[in-house]
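The values are calculated or read from the model by the stated rules, or taken from the named source; none is laboratory data. As the structure is a prediction and not an experimental result, all values here were calculated from the model. All Cβ positions, glycine included, derive from the backbone under ideal geometry; neighbour counts span all protein chains shown.
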Amino acid sequence: MDRMEKTAKVLNKVLTVLKIILIVACGLTVVVSLALIIWAKPITTAAAASGGTTTFNSGIMHATFNTANMSAGNLQLLMLMVLIATLVIVALFVIAIMLLQRLLKDIGDGHPFAPEAPGLIRRLAILIFVGSVVVPLVSSLVEWFSFRAIGIQNVVATTANGTTINMGTGFNFSINLTTIVIGFIVLLLAYVFEYGVHLQNQADETL
């Protein structure tokens, strides 16, 4: 067994562990979100009873929560958004991991240019393109709902050199161009594998 096959099998196991971690984290998020949806009324009642505002300061992020204005409906809506966002993002990552594992399995079995490899890589590229839009979109929606539903005010971030930046509370959406470039690189890789499959078929016919 050569180094490439051993590496592929190790990476396959690593991806399996990562997939399990993602699924467990998703499950915990679902449980917490459902619990907050179910008990939203007593939570918001207690928050309103405290009155005024609550300040959060982690050293990196400083925010003020207007607890008096929180309502059960807003909290439930926010948790529903968090639940949907988590399921969508985890689903994208799990599908990507499954595609990679199918590729790594063929490589680990000594068939790097399996006939289905180009199609799998194309699907992975499409998934990256979709994720480059969906992930920042759902993240921005959750952030926006957080500002509106919980009444977060005066959100300030502290940079590494100690300066502060007012992050605002509006809807901010931007696509990471690096992810788009990675998608095109993966798409190009699909054509490389397609050519490799063609050469492999020619070699098999010659033999």
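Some observations on this one:
- Any hit, the range 142-152, residues being of a type in the set (D, E, K, R), in a helix (DSSP H, G or I), modelled with pLDDT under 85 and within 23 Å of the chain's Cα centre (by Cα): yes
- Residue in the range 49-70 that is more than 30 Å from residue 121 (Cβ to Cβ), among the hydrophobic types (A, V, I, L, M, F, W, C), modelled with pLDDT of 85 or more and not in a strand (DSSP E or B) present: no
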